[in-house]
Each structure stands twice: as C-alpha cells, then as structure tokens.
Amino acid sequence: MTSKTLSLLAPVAATAVALAALPTLGQAAPAKHPDFTGAWIVSPYSASLKPIDGKPAPLKPEAKKVYEQHLAAAAKGDKTWDDTSICLPEGLPRIMTIKEPFEIMQKSNALYFVAQNRLPWRAYFNEKLPDDPDPMYLGYHVAKWEGSKLVIDSAGFRDVSVLDDKGLPHSEKLHLTETYVMGKDGKTMTVTYKIEDPDTFTHAWTAKASFKRMPSSFQFPEEVCAEKLQTTAPKR
Amino acid sequence: MKTTSILRNGSALLAVSASAAALAFAGLAHAQNSQSPSQAPSAAQTQNRPKTLDNSGDPTLALTGPLRGSTVAPAGSAPPNPDPKDFQGVWWLKGYEYMLGPAPGVEPPLKPAYMEILKRRIRAKNRGVPETDTSTQCYPHGMPRLMESPYPIEIVQTPGRVTILHEVAHEVRRFYLNQQQPKDVKLSFLGHSVAHWEGDTLVVDTVGIDGRSFIDDEGSSHSDKEHIVERFHKIDGGRQLQVDTTVEDPVTLEHPYSYSRFFQWRPDVRPSEYICEENNRNAPVNGVTVAQ
C-alpha cells in the first residue's frame, strides 16, 4: 500500500473541490441514451469475478499468495481479511456484484450509484480523473457515452478492499473501466469490467456481470450494518 | 486506525471519529458563540425569555452552544438552478444547533417524564460520560436529527423520487412522490417518507421512525409514533433552501412544534466518503459513550 500522509489540505481536494465550471444540475438525461435509472441486482450471482476468457485471474505471485490466504482462511470460517465483515465499504466492483440491490440515478451531468444506504459513488460526465487523488474506498469516477454504451472510468482506490466475495486482492493502482450495456427490453443490463492493476496482475483482464431490474414497486429497506455487527463481527 | 482530516465550514479539525468530530465541532461552536458578544441576548431579551433549560441557572444543565454563520460558495461557482422545483445539487446547513426545539436554545415541548430524561442526558454529557446514542454506534442518526448535521447533503431528483444523500455516515433519505404512507410501516431510523408538491414547496411526510434515536444531539426523546412534516422551498434566488419542520409525537411531546432551518447552495462542494465504522473510537461501553 502506498503510504500516504494525510494533510489538512488533502480533504480539500476530496471534499470541497471548487468546480466553477460544474454544469448546472438537474437537467433530464437526453433521450438518445438508455436510462439506467432504477434498482438493479446482479443475476446470476457469482462469488468470483472471473476473466471472460475462462482462465484464472492473472495474479502476480505475491498477490496470488494473498488470494490463497484469503481462500484458506475463509474455508476455516475466518473472514478477518474481509473488511465488510466489520461494516467497511465493499469497494468496486464488489459493491455491485454482492447479493444486494443497488440503484442508479442517471442525470445528464452525473450518475449516482447507491446500494441501499451504503456508501454512494458518483460518476461525472465531462470531467477527468484527478491526477494524484487521495485514495478512497470507492475511488473517483468519470463517465462518458460511447453510442448507447455507458463507460465509467475509475481510479484512486484504497487497497484495503477486495474485488469480489472470494477475496481477490487489488492495489491502489487499480484502474477499472466499466462498460454498461442495456438489454433490449430495458429490464436487464450487462457490465463489462476491465481490470488493470500492474501491482496485482500480470496483464489487464476483463470480467462480466449481468443484472436485472428490481420491480418498479421495490423500495430500499434501511440497512444498519453496525447493528448486526454486535453478533456477527469476527473477533480480531 | 487511520486518522481522517475534515474541513468543515472553514475550520480544519483532526477528527478521531465521527462522534468526536461532532463533539469537537460543538466545542468550537460554543467557543465561537461565547466569544461573540453580538450574539448574546440583551438584558431585556433575557428577562423576557421563557424558562428553559438554557437559562435554568443550573450549570449541570448547560447546553452545547450552537454554531452560527455559514460559508457561501466562492465567486464564480455555478449559479443556483432557476427552476424553483429543482433542488438538485449540494447544500450545506447554515449553522448547527445541538438542540432542536421551537427556537434556538429552547428545548422541545417534552412531557415531564421525557424532560427528566433529557436533563439526565445533558448532565451525563456535561460530566463527560454522554449516554449512548445511535450515532455513536454508527447507526443512522434518526429524524429530525439527521437534517441538523454540519456536513453537506446532495439532493437528486428522479421520476417519482427525491433523494437526499447525506455525507454524514452515508445516510440516505428517499422521498416517494405522490404516494400514501403504507398501512404497516416497518420501523427504521430515518422512517418512511412520502412527498408531494404544493406549488413550489416540496412537502415531505415521515413516519415509522425507530424510537431508539433522538430528536436532537442533546438527547430529546421521540417515540415510534413520531411524525415529521418538512416543507422544502427555495429562497434568496435559489441560493438557500428553507426547510420548515413540524415534529409531533403524542408519546413524548406535550404538543407539536415547528422550526425553520436553512441550507446554503454549495455547488463548489463534493460530498466525500464518511465511514463511521472505520474509526469508531467512541463506541459505547456498558451504555456509556466515552471519548477514547
């Protein structure tokens, strides 16, 4: 993990970025693009994020050792490597591929992703990723349209999260490119994840997940992870 | 554990936890208030003030001072959206009241038994051993307390919905437009909210609020029967969002009461990650929260 000294100035960049040119919020999404607004859930669920070429994730030796430690510990019921077991954020793309619904709110200037009442993340159109971001659990995101495909570019992640429920590791150099494609009926979507992380993987690789829309009547229940923690948290 | 640095209203704080941040902030607010003679009430005002905890003369009941003032968006920031029914974007509460009564420094009209509980909580706080509340356990703050948080909020409007994304503890309020409250609302800390427009005012009705949370930071009680109506509308050319809140609770309150709060348009701010669970050094022990 890159040791990064947090200064009092750091959150200025993270929290209060002055964006004089930020477009006025609130315009409806243009009709020519599919509208991803709504609640979604991964279907089918898979605990593993697997390369679409059918090969194992191209882990470097050190990262492979970490992954195997995660698998071995989990087999013994030990999930202390998994920060979500103490209610810390899942990171990306895991927050979307767990067995929980999330919602997308699509506007012309930004997309909002909210999994129940977990940590939300935002992807802004017409912006560039920061050059030297203060790492965050869910990173930084910019969005663009490629025809009817929505492409979200993400970086600036902390390395304390994992990529999937099995514990596939990543470093702060993770660069994630997601491509969202709406199904013809508007009730399904597929997301392709291009994963680049030179500290963890020998080369870039791509995974894919499918999602289905939740019924329009679906309302997100309040989820209080910390309340469950008192009985479920592993001892550390 | 990692240290999180937070810049809030122009004051840099090294926050050891969410709760400590709030406590530190309140302390700062108190200091600011006590150093601002212009804020102090006049003798006439003092004489005419109703008997409240704030002027009880009992030092063990001293309230935590409010924060006054606010930071506006710097020159050149995006102007407010001219549509009076478009609240989208980032807003920041002006000031910060530790107690949410009908007027600053005035407690909610609690029934006697609940007033005694509030006094007990204030005394515990002033002894440095505040009673456990929801926020110190990383549970949602409850309502209306969440709306009185010195962190930015972001409003997003989508068909049939208005959503508030709070930076604090990444809490989310979803308002379902033009719907009736369900007959059997499952209790939750932020309740179930339905909303409708009355002209340019968004009227939000919230019920089903878990009685374990407090009305405010001082510890005023509400029950599961609490009912909150909030009226959101833009003022000041869209640079402020006024929220008129009415709280009623037949269990803990003598009668409903109302107050108004104001949020500043802050297009220069992007909400950041706020993760209570990461560094919850104020986790309660045996029902008591002690800063560690």
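Read-outs: derived from the displayed coordinates by stated rules, not from any lab. Treat the numbers as computed from the prediction; the structure is a model and nothing was measured. Cβ atoms come from the backbone with ideal geometry, glycine included; neighbour counts cover every protein chain shown.
When the Cα convex hull of the stretch B:129-211 is projected onto planes of every orientation, the mean area is 6.3 nm². Under 5 Å between amide hydrogens, built in the peptide plane, is the criterion, and for B:Ser220 it picks out B:Ile215 among residues at least 5 positions away or on other chains. Apply the Debye scattering formula to the stretch B:219-283, with a single equal point scatterer on each alpha-carbon and no solvent, then give log10 I(q)/I(0) at q = 0.14, 0.21 Å⁻¹. Values, matching the q order: -0.72, -0.90.
For B:Phe189, the amide hydrogen comes within under 5 Å of the amide hydrogens of B:Asp210, counting only partners 5 or more places away or on other chains and with H modelled in the peptide plane. Going by the alpha-carbon gyration tensor, a ≥ b ≥ c the square roots of its eigenvalues, is the stretch A:31-214 rounded (a/c under 1.5) or, if a/c is not under 1.5, prolate (a/b greater than b/c) versus oblate? Prolate, because a/c is 1.5 or more and a/b exceeds b/c. Toward the positive end of the charge dipole of the stretch A:31-214, with +1 on the Cβ of Lys and Arg and -1 on the Cβ of Asp and Glu, the farthest Cα among A:Val142, A:Trp81, A:Ala63 is that of A:Val142. Over the stretch B:184-236, the fraction of Cα-Cα pairs per 5 Å bin, rounded to whole percents and listed from the shortest bin up, is 5, 20, 23, 20, 15, 12, 6, 1.
Semi-axes of the stretch B:138-184's equivalent ellipsoid from the Cα gyration tensor, sqrt of 5 times each eigenvalue, largest first, rounded to whole Å? If you can, show how the numbers build up before the last one.
Values: eigenvalues 89, 42, 12 Å².
Those come to 21, 15, 8 Å.
Per the Debye calculation on the stretch A:64-149 with a single equal scatterer at every Cα and no solvent contribution, log₁₀ I(q)/I(0) for q = 0.21 Å⁻¹ amounts to -1.09.
Considering only the Cα atoms of the stretch B:47-183, their convex hull presents on average a projected area of 12.5 nm². Normalised by residue number, the volume inside the convex hull of the Cα atoms of the stretch B:157-268 is 133 Å³ per residue.
Ordered by the number of other Cβ atoms lying within 10 Å of each residue's own Cβ, fewest first, B:Ser188, B:Ser260 fall into the sequence B:Ser260, B:Ser188.
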